[in-house]
Each structure stands twice: as structure tokens, then as C-alpha cells.
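The values are calculated or read from the model by the stated rules, or taken from the named source; none is laboratory data. Since we're looking at a predicted model, the values are computed, not measured. Positions of Cβ are backbone-derived with ideal geometry, glycine not excepted, and every protein chain shown enters the neighbour counts. The accessibility values were calculated without ligands, DNA or RNA, using every heavy atom of the protein model including side chains. Shrake-Rupley method; radii C 1.70, N 1.55, O 1.52, S 1.80 Å.
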Amino acid sequence: MRTATAAILLFCLCTLGGCWTRTLAGESYAAAASIEATFSSDFDNQIKAIGGVGGKWKILTDAQYDALILRLSQRREISGPPGWKPGMVLTDAWGKRFHVAVKNDDLVVWSNGADGIENTSDDVISPRTFNGKLP
């Protein structure tokens, strides 16, 4: 009887954990998509503010990222995690800043997901149509 109860409990925990992970990924995708959409709506001005963008991917530093989020949140509402307000560091569901990379007229925003490792299946990427390896 104890084995059956333990198996049911383990199944429930794994099932709930999977749902929880999907919810976190959904929240992170909403935030990444919000950053990408707001940036894209004012692309030229954001590129000027960042500076030094050319034909190679430029990944924003933490300071550049924080300044970008502040600028974007002054333009329109950005989707952040519960309790997030403009002026706070915007992080993914796992407490890490999103990565933002720009080149020429291209932009990608991503989170390394729950495992924290870049270019794995749990990464959250916006736009979803981004093809290729992350910068």
C-alpha cells in the first residue's frame, strides 16, 4: 500500500511540476515578446540609444539591458512577472535577465530557460520565428 501511495504522490508532483514549468515558460515568453514588440515599434530610436550596432550580433550588457527596459517601459506597458514595476530589473521566471541581441535590422530576445543553458530545448525565444543558433 505504501508503494502505491508513494507512486501516486510522485506522479502528482511530477505532473504539477510540469504544469508549473510550462506556466513559468509562458510568463517568460510573454515578457520576452513584450520586450521584442516594444523595441520593434521604435526600432530606429532604440538602435541609436544602444549605439554600435552593425552587421554582427551585439548582445546587450546588463547595464544596456536595464537602460533599455527603462526606456521601453516609459513608452508602453511591458509584460513582466507578477509584482514587476518599471524601474525594477526585468527577469525571466528563473530570476535571470533576458538576453537581447541586435544587428542591422534584426532583434532577438531570449531566456535560457529553467536549465540556464543557452541553445537548449527549454529556451524561451522571441520572435518565435527566429531561426538558427542564438548569438
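For the stretch 51-86, the set of residues classified as among the hydrophobic types (A, V, I, L, M, F, W, C) and touching a Leu at 6+ places or on another chain (Cβ under 7 Å) consists of Leu60, Leu68, Ile69, Ile78, Trp84, listed by residue number.
Taken over the stretch 39-70, the criterion of being in a helix (DSSP H, G or I), open to solvent by 50 Å² or more (accessible area, probe 1.4 Å) and touching a residue at least 60 places away in the same chain (Cβ under 8 Å) is satisfied by Ser40 alone. Give me the residue from the stretch 15-28 that is surrounded by fewer than 20 Cβ atoms within 10 Å (Cβ to Cβ) and within 18 Å of the chain's Cα centre (by Cα) and, out of that set, modelled with the lowest pLDDT. Across the stretch 15-28, the extreme among qualifying residues is Trp20. Where strands (runs of 3 or more DSSP E) fall wholly inside the stretch 71-135, the ranges with 3 or more residues that are more than 10 Å from the chain's Cα centre (by Cα) and surrounded by 13 or more Cβ atoms within 10 Å (Cβ to Cβ) are 99-103.
The single condition among (1) free of Cβ contacts under 8 Å to residues at least 24 places away in the same chain; (2) under 23 Å from Val53 (Cβ atoms); (3) touching a strand residue (DSSP E or B) at 6+ places or on another chain (Cβ under 9 Å) that Gly132 does not meet is (3). Does Ile50 qualify as being under 16 Å from the mean Cα position of the chain (by Cα) and not hydroxyl-bearing (Ser, Thr, Tyr)? Criteria not met by Ile50.
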